[in-house]
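Structure first, then comments.
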Amino acid sequence: MTNEFLDRTQTETHLFAEFASKLAGSHSVKDWTTMYRECSQHQLDFIRRDCDRYFRHGERVAAAIFGMLNEQSRLTSAVADGKSEANKNIQP
């Protein structure tokens with residue numbers, strides 16, 4: 001989690017530095033329009049990567065939960081089968 005937070009902070013800092021640099025270098029409305037389009041596209045790309053990362057994390061969590069549930073159901077059914085076998089041996 002620390003690595004993801006550091007990566008996100010680093011990316012946001014880079015985007016802001018790029019925005020400030022382009023803003024300082026633009027001298028006309030046309031330059032501002034171009035800068036706005038480029039920075040907007042970069043921000044959208046960042047949001048897309050961020051959402052992809054959250055989606056992959058959600059997939060890993062869901063897979064882990066389903067794996068635990070499958071293992072739990074196997075253990076429960078094995079214990080239930082063991083009890084029924086034990087009861088069969090006890091009955092006359």
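No value in this document is a laboratory result; all are computed from the given coordinates. Keep in mind that this is a model prediction, so the values were computed, not measured.
A full extension of the chain between ILE65 and ASP7 corresponds to an added length of 18.2 nm, given 0.36 nm per residue minus the alpha carbon distance. Rounded if a/c is under 1.5, else prolate if a/b beats b/c, else oblate: with a ≥ b ≥ c from the C-alpha gyration tensor eigenvalues square-rooted, which is segment 1-60? In terms of gyration-tensor shape, oblate. In sequence order, segment 39-44 has phi-based couplings of 5, 5, 5, 5, 5, 5 Hz under the Karplus curve 6.51 cos²θ - 1.76 cosθ + 1.60, θ = phi - 60°, and Gly or Pro positions carry x.
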